[in-house]
Amino acid sequence: MNINNNESGNHMKIAITDYDGTLKPLKSEVPKSNIEAIQRWRKAGNKFGIATGRNINLLEFELKNYDITLDFAICVNGAVIFDKNKNILHSVKIPPSIIKDFIELPMVKDVDNEMIVCCEWKIFSIRPYAEMPVELIPEIKLNEAAQLKDAVQFGIKFKTADEALNAAAELNKIFPMLNGNPNRNYLDINMRGVDKKYGIEKLIEIMDWTDNQILVIGDDSNDLPMIKHFNGFTVKTAAPFMHEAAVKVYNSVGDMLDNLN
């Protein structure tokens, strides 16, 4: 799929930021300075979007209180891409046959870790995330997840970031069809090869953009693929390993946008 448009000129820049911990600092609100910088960025003729592990409903739930206009959204770690009108441009589903085998793994069925499953539009709770808005997440049984036709991501919450990293390594070793994207003490599970880098590459292909137009910024492990591939940036609150991976460390997303506008 290729969208023929007149917005593909190399003079236009495309900024892509992670949401939690990057655009929005942890346990805080999106700073007004970030919002104002986004508005200046777009007014200059550039594009702005978010690449997140959240599904579209949880992302919109977060953004409803902010005056932020997105030109696109790369959701559930690159598995679903939306345009500015919330049309799906690309989607990578997890087939029910794979889900059936996945839910038999000990890390899934033999523990009581909080767990969700994201579909293209909806999100369901298998073992509820305590911090998530219950009105957005109806509960289903584990075996019901295997009946979903448009599941794109599972999410499991662990006690520590090390547990999530170890679970990702185990999953990637024993289950070649799936990919674990760790993010702090959470593990998001998508089809193999699907991550934020993949989502950005697909968006570039669809929109007829080029790599040198892309500017990315993130703060944690699931941002590393896009940071490394696109010579991206991080924020000062990110962990040292992110500072090492990034080309430059900015105080905020707003600082990056104003510096590169």
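The values are calculated or read from the model by the stated rules, or taken from the named source; none is laboratory data. Because the structure is predicted, anything quoted here is derived from the model rather than measured. Cβ coordinates were reconstructed from backbone atoms using ideal geometry, including for glycine residues, and neighbour counts include every protein chain displayed.
Here are the numbers for the structure shown:
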item: Lone qualifier among GLU62, GLU29 - being in the same structural domain as TRP209 (by TED's automatic domain parsing), over 23 Å from TRP121 (Cβ atoms) and either out of contact with any Cys (no Cβ under 6 Å at 6 or more places or on another chain) or not in a loop (DSSP other than H, G, I, E, B) (or both); result: GLU29
item: Strands (runs of 3 or more DSSP E) contained entirely in segment 147-205, each with at least 1 residues that are in contact with an Asp or Glu (Cβ under 8 Å, 6 or more places away or on another chain); result: 151-157, 178-183
item: Yes/no for ASN190 being touching a Phe, Trp or Tyr at 6+ places or on another chain (Cβ under 9 Å), polar (S, T, N, Q) and within 24 Å of VAL152 (Cα to Cα); result: yes
item: Scan of segment 213-251 for residues that are in contact (Cβ under 8 Å) with a residue 60 or more places away in the chain, surrounded by fewer than 21 Cβ atoms within 10 Å (Cβ to Cβ) and either among the β-branched types (Val, Ile, Thr) or within 14 Å of LEU26 (Cα to Cα) (or both), ordered by number; result: THR237
item: Failed condition for LEU215, given (1) assigned to a helix (DSSP H, G or I); (2) in the same structural domain as LYS64 (by TED's automatic domain parsing); result: (1)
item: Unique residue being charged (D, E, K, R), touching a residue at least 40 places away in the same chain (Cβ under 8 Å) and within 17 Å of ALA51 (Cβ to Cβ) when the list is LYS157, LYS197; result: LYS197
item: Failed condition for GLY45, given (1) assigned to a helix (DSSP H, G or I); (2) on the phi > 0 side of the Ramachandran plot; result: (1)
item: Top-ranked residue of segment 26-51 - restricted to ones that are out of contact with any strand residue (DSSP E or B) (no Cβ under 6 Å at 6 or more places or on another chain) and surrounded by 20 or more Cβ atoms within 10 Å (Cβ to Cβ), ranked as nearest to LYS84 (Cα to Cα); result: ASN46
item: Search result, residues across segment 91-104 that are assigned to a loop (DSSP other than H, G, I, E, B) and either surrounded by 16 or more Cβ atoms within 10 Å (Cβ to Cβ) or at pLDDT below 90 (or both); result: VAL92, LYS93, ILE94, ILE103
item: Residue that is surrounded by the fewest Cβ atoms within 10 Å (Cβ to Cβ) [pool: residues in segment 105-146 that are of a type in the set (A, V, I, L, M) and in a helix (DSSP H, G or I)]; result: VAL134
item: Candidate set: segment 178-212, residues that are polar (S, T, N, Q) and modelled with pLDDT of 95 or more; chosen: the one surrounded by the fewest Cβ atoms within 10 Å (Cβ to Cβ); result: ASN212
